[in-house]
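The next block holds one structure in the form of structure tokens; read it before the comments.
The values are calculated or read from the model by the stated rules, or taken from the named source; none is laboratory data. None of the values given here were measured: they were computed from a predicted structure. Note: ideal-geometry Cβ built from the backbone for every residue, glycine included; neighbour counts use all protein chains shown. All accessible areas refer to the heavy atoms of the entire protein, side chains included, with ligands and DNA or RNA removed. Shrake-Rupley method; radii C 1.70, N 1.55, O 1.52, S 1.80 Å.
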Amino acid sequence: MPRPLARAADFCTRYGLEMPVLMAPMAGTSPPALAAAVANAGGMGACGALPLSASAIAEWVARFRQQSAGAFQINLWVPDAPAARDAGGEAAQARFLASFGPEPTPPDNGPLLEDFDAQFAALLQAAPPVASTIMGLFRSDQVSALKARGISWFATATTLDEARAAQAAGAEAIIAQGAEAGGHRGCFAPGDAPRASVGTLALVPAIADAVSVPVIAAGGIGDGRGVAAVLALGASAAMIGTALLRTPEADITPAWADALARARPEDTTLTRAFSGRTARALRNAFTEAADHPAAPPPAPYPVQRHLTDPMRRAAIEAQNFDHLYALSGQAAALARTDPAGETVARFWQDARRLLA
Ligand SMILES: Cc1cc2nc3c(=O)[nH]c(=O)nc-3n(C[C@H](O)[C@H](O)[C@H](O)COP(=O)(O)O)c2cc1C
């Protein structure tokens, strides 16, 4: 068997998969039906649990298990140090945002995110086959708790240093997130995003050569050619985000789905304007205005996310692409509207043919 296929087969055996294709965890866009469709096709489903409370995580898992006995991961964002607050800057940002939607009110000093430890406790209780992280690493007590329950840990890395640190901390696989990826850059330090935006083609073989655990490639994989390419580069599996967004199970808002279909590779941008953390999204009137040198700088994550919430909701209500939070990778135009199970099955069939 050619080496890339043998490596992928080992990964599949280890995680009970029929194909080395993983749904990417996507906060706000990981309905159980999408995860179940991928798992039922023989891949791995995913839950982007960032916005979910402990009880919502339990509910997500129950709904997934009603639809699939297959493999899945629950993904958590490791929190940054608390954001420094700046009343003047936030007020300027709120005035700026009033040109694009209802004027937001800067949040008070209470928590702006779900409690990470409570989310982790819910994850342990739900006992998924895999827990994954982005933006940082689990603490050693958390790694021990996962191991005690037989839950594997996959850690997202955007650089060699992050990959090595993740392996040293006990991660059983590294998700190498290339710069093409839709959604937030997973770099551990928010300020590292510009330096840590390395393309998948360069990142995957570098990490595969540097660590001894399996590598899962993410970023810009939109069909079987992409799956074959990352396996040839040293990955054991491919993770797919944007290419699943137009499937019926993803059920995203129509203005976003339509824009993905039209997007050229050059139509995305890395921006802090929506959340305060660097993310890849489709370029639109809002991202262009926020990028202008005269625009006030975004507040840190998650304050900026809170500030843009009214604009983002209004854009969905009005189906107004100009102000829409349309996360997207650079291979968006490859996304098709076929059911998710058929999509990943086609990816794997094409990749196998290319690698045979
Ligand atoms: C809408 C959306 C939301 C995302 N949310 C998360 C998340 O919550 N956690 C995470 O680890 N990665 C998240 N990502 C990144 C994906 O897990 C993955 O790295 C990326 O989708 C791969 O690149 P691709 O979109 O080109 O396939 C998100 C991506 C998208 C498109």
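For Leu160 and Leu270 in one chain, what is 0.36 nm times their gap in residues minus the Cα-Cα distance, to one decimal in nm?
Contour length minus the Cα-Cα distance gives 37.5 nm.
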Seminar exercise, completed: Regression test value, accessible area per residue of region 1-153, probe 1.4 Å, units Å², expected 43
For this session: Putting +1 on Lys and Arg Cβ atoms and -1 on Asp and Glu Cβ atoms, find which of Trp60, Ala179, Ala87 reaches farthest to the positive end of the dipole of the chain.
Result: Ala179
For this session: Extending each Cα 7 Å along its Cβ direction at Ser55 and Glu103, get the distance between those two points in nm, one decimal.
Result: 3.6
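About the Cα centre of the chain, what is the dipole size in debye to 20, counting +1 per Lys and Arg Cβ and -1 per Asp and Glu Cβ, all else neutral?
Dipole about the Cα centre, nearest 20: 740 debye.
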For this session: Once you've got the GNM for the chain with C-alpha springs shorter than 10 Å, pick whichever of Arg85, Arg14, Arg336 has the biggest mean-square fluctuation.
Result: Arg14
Problem set entry | Of Ile316, Thr343, Ser212, farthest towards positive along the dipole that unit charges on Lys, Arg, Asp, Glu beta carbons give the chain | Ser212
Exercise. What percent do you get for the relative contact order of the chain when only Cα pairs under 8 Å and 6+ apart count?
Worked result: 20
Exercise. What are the ³J(HN,Hα) values, in whole Hz, obtained from phi via the Karplus relation 6.51 cos²θ - 1.76 cosθ + 1.60 with θ = phi - 60°, for each residue of region 280-285 in sequence order, with x given for Gly and Pro?
Worked result: 9, 9, 5, 5, 8, 4
For this session: Pop a pseudo-label 7 angstrom from the Cα along the beta-carbon direction at both Asp338 and Ala69 and give the gap in nm to one decimal.
Result: 2.7
Problem set entry | Net charge over other residues, Cβ less than 13 angstrom from the Cβ of Ala340 (K, R count +1; D, E count -1) | -1
Exercise. For the pair Ala261 and Ala285, what calculated FRET efficiency results from E = 1/(1 + (r/R0)^6), where r is the Cβ-Cβ distance and R0 = 25 Å, to the nearest 0.05?
Worked result: 0.85
Exercise. Ordered by residue, what ³J(HN,Hα) values in Hz, to whole numbers, does region 346-355 give under the Karplus form 6.51 cos²θ - 1.76 cosθ + 1.60, where θ = phi - 60° and Gly and Pro are x?
Worked result: 5, 4, 6, 4, 5, 5, 4, 4, 5, 8
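In deg cm²/dmol, rounded to 500, what helix-only [θ] at 222 nm does the chain give when every DSSP H run of at least 4 residues adds -39500 (n - 2.57) and the total is split over its residues?
Helix-only estimate at 222 nm: -12500 deg cm²/dmol.
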Problem set entry | Simple Cβ-charge dipole of region 1-129, Lys/Arg +1 and Asp/Glu -1, about Cα centre, in debye nearest 20 | 620
Seminar exercise, completed: For region 1-126, the accessible surface attributable to carbon and sulfur atoms (probe 1.4 angstrom, ligands and nucleic acids excluded) amounts in percent to 53
Seminar exercise, completed: Expected vector for region 202-213, Karplus 3J(HN,Hα) from phi with 6.51, -1.76, 1.60 and θ = phi - 60°, integer Hz, x for Gly and Pro, equals 8, 6, 5, x, 5, 5, 4, 6, 9, 10, 9, 8
Exercise. Tell me, in nm to one decimal, what length is gained between Ala91 and Leu112 on full extension, where the rule is 0.36 nm per residue of separation less the Cα-Cα distance?
Worked result: 5.8 nm
Problem set entry | Of Gly110, Gly48, Gly276, the one that fluctuates the most in a GNM where the chain has Cα springs shorter than 10 Å | Gly110
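Evaluate E = 1/(1 + (r/R0)^6) for Arg3 and Ala121, where r is the Cβ-Cβ distance and R0 equals 56 Å; express this FRET efficiency to the nearest 0.05. Mind dumping the intermediate values first?
On the way: r = 41 Å, r/R0 = 0.73.
It comes out at approximately 0.85.
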For this session: Using a 1.4 angstrom probe on heavy atoms only, work out the carbon and sulfur share of the accessible area of region 182-340 in %.
Result: 54
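Taking R0 as 51 Å, what FRET efficiency do you get between Ala294 and Ala210 from their Cβ-Cβ distance, rounded to the nearest 0.05?
Approximately 0.75, to the nearest 0.05.
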For this session: Note the full-extension length gain between Arg346 and Arg149 as 0.36 nm times their separation in residues minus their Cα-Cα distance, in nm to one decimal.
Result: 67.5 nm
Exercise. So who's got an amide H within less than 5 Å of the one on Ala46, skipping anything under 5 residues away but keeping other chains? H placed 1.01 Å off N, in plane.
Worked result: Ala35, Gln73
Exercise. Using Cα-only point scatterers and the Debye equation, what is log10 of I(q)/I(0) for the chain at each q in 0.15 Å⁻¹, rounded to two decimals?
Worked result: -1.33
Seminar exercise, completed: In a Gaussian network model of the chain with springs linking alpha carbons closer than 10 Å, the residue among Arg164, Arg262, Arg312 that fluctuates most is Arg262
